[in-house]
1. Grab the DSSP H runs of the chain that are 4 residues or longer, score each as -39,500 (n - 2.57), total them, divide by all residues and round the 222 nm result to the nearest 500 deg cm²/dmol.
2. Take the alpha carbon atoms of the stretch 1-53, find their center, do the same for the stretch 197-233, and report the distance between the two centers in whole angstrom.
3. Take peptides 78-85, 25-32, 155-162, 321-328 and line them up by average Cβ neighbours within 10 Å, highest first, as a rough protection proxy.
4. Write down the percent of antiparallel bridges among all DSSP beta bridges whose residues are both part of the stretch 2-433, to the nearest 5.
5. What ranking do 141-152, 174-185 get when scored by the average of other Cβ atoms within 10 Å per residue, highest first?
6. What are the membrane-span-like helices in the chain by this rule: whole DSSP H runs, Cα extent along the axis at least 18 Å, mean Kyte-Doolittle hydropathy at least -1.0?
7. With viscosity set to 0.692 mPa s and temperature to 37 °C, compute the Stokes-Einstein D of the chain, Rh being the Kirkwood radius across alpha carbon pairs; µm²/s, no decimals.
8. Rank-order 369-378, 196-205, 65-74, 215-224 by packing density, defined as the average count of other C-beta atoms within 10 Å over each peptide's residues, highest first.
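Each reported figure results from applying straightforward, stated rules to the coordinates on display, with no laboratory input. These figures come from a predicted structure and were not determined experimentally. Heads up, the Cβs are rebuilt from the backbone with ideal geometry, glycines too, and the neighbour counts pull from every protein chain shown.
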Amino acid sequence: MEKVWVYSQSSYNINEIKNLIKKSDVLDIIKKTDTVCIKPNFVQESRNQDDDWEYVITHPTIIQAVIELVSDILSSHGKIVVADAPMTGSSFSKIISHMPINEWKKCCDDKNIPFEIIDLRDEEWKMADNGVILNRTKLKGDPNGKLLVNLKSSNSEFFDKPKTSQKLYGADYNIEETNNAHNGLDNFYSVSKTVIKADVIINLPKLKTHKKAGITCCLKNMVGINTNKNLLPHHTIGTPKNGGDQFESSSSGTEIESLFTMAAKNFVTKFKVFAPILVPLKKMAILFRGDNKHTLRSGGWYGNDTLWRTILDLNKVMFYSREDGNFSEDKKRYIGIVDAIQAGQGNGPVEPDRIDCGKIICGFNPVAIDCVATKIMHFDYMKIPQLKNAFLIKNYKLIDCQYKDIIVANDDVEKTIEATDFPIIEWRSAFGWENHIE
């Protein structure tokens, strides 16, 4: 059995939010001397094309509420770290400009508790408006370093992926790096040592729809513990006809776009100085085939059979890997607190539209929490690949009960998840998932 608490909360009132979190008792697993890693969703500084951000990233009030509550528990031997790896093309300085960092530091300083905020990425990219990488800046990354973790063979969810001649595609143009990391036997992930060394992870995702994963909540938010995003397979090049999931179906247009863009990206991988030539080429592809809001490309649809494997693998790494690179049989202590007060619908994760959901969701298990979040959205969890497949994991399980055994404490009324009803809010799914998961 897994219990998930759901509270109605219409505003970002810090005292009300703190009282709800305390009411759930989820913070009771924290010990006075623990290093607590708080993992928000810092995906991008704002919604694409405008300055809205409150429904794109975890709201600072949620983070501050957690910091204040945790600092009340810890002694001077404990520590609080806020850490994330945003999208590589995002500006960390702009993201944290939305956050009251000085208040967080003062809260910890007043109680003699060490505090850090860390950008875990290896690089930050400057991007053109259409997503082309123009230049790269090396970052300091995690001060504790990074850990290359290998989920070998059947320990990885990629083990059962049908073997084809199609290539996995990560976050960068260098597909060799991605495919060398996932070669059919090895599955390497470069993850933050700060996260792995922490005694407790507090996951603070923002609830949104997601064009490649259906939804983003607790499970998907763990993508942000990875320091090199090109080791994260996002889709498989091609169409289902030839073993890929980049596009939904085959056509002369998709064949031409796939071959043409990969040839250009392979060229730019070898000769980075020519990266700007991709800007007009991508504009031509959009003119010829349509933009991402109206054309299914890059795995942005319900048939993506790649990204869910990455998501579940990273959650295994978070729960079971240790700083020596080995895996433990015991799970790391974990708390999930979902910011679903202002949430994101439509073309998430970075171009959603605001939806006022008015919920805070708390629990100890990311699969159970995400199932409850999916029910709040009135989506079918069996059509969200990372949820459906989470219950089928054989090695390094993420949940030990079945869907029907999840208990929901919804504003103090406890029922099974199947017996729990939530008010119908018309959530709009991402373009490639419309009329499939509702």
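1. Values: 12 runs with 117 residues, N = 438.
One gets -8000 deg cm²/dmol as the mean residue ellipticity at 222 nm.
2. 15 Å
3. Details: 78-85: 24.0, 25-32: 14.8, 155-162: 17.9, 321-328: 13.2.
Ranking the peptides 78-85, 25-32, 155-162, 321-328 by packing returns 78-85, 155-162, 25-32, 321-328.
4. Details: 38 of 63 bridges.
That works out to approximately 60 percent antiparallel.
5. Ranking the peptides 141-152, 174-185 by packing returns 141-152, 174-185.
6. Numbers: long enough: 60-73 (20 Å, 1.31); 252-270 (28 Å, 0.06); 307-320 (20 Å, 0.46).
Membrane-span-like by this criterion, though nothing is claimed about a membrane: 60-73, 252-270, 307-320.
7. Values: Rh = 22.0 Å.
Result for D is 149 µm²/s.
8. Numbers: 369-378: 25.1, 196-205: 22.9, 65-74: 20.7, 215-224: 26.9.
In decreasing order of mean packing, 369-378, 196-205, 65-74, 215-224 become 215-224, 369-378, 196-205, 65-74.
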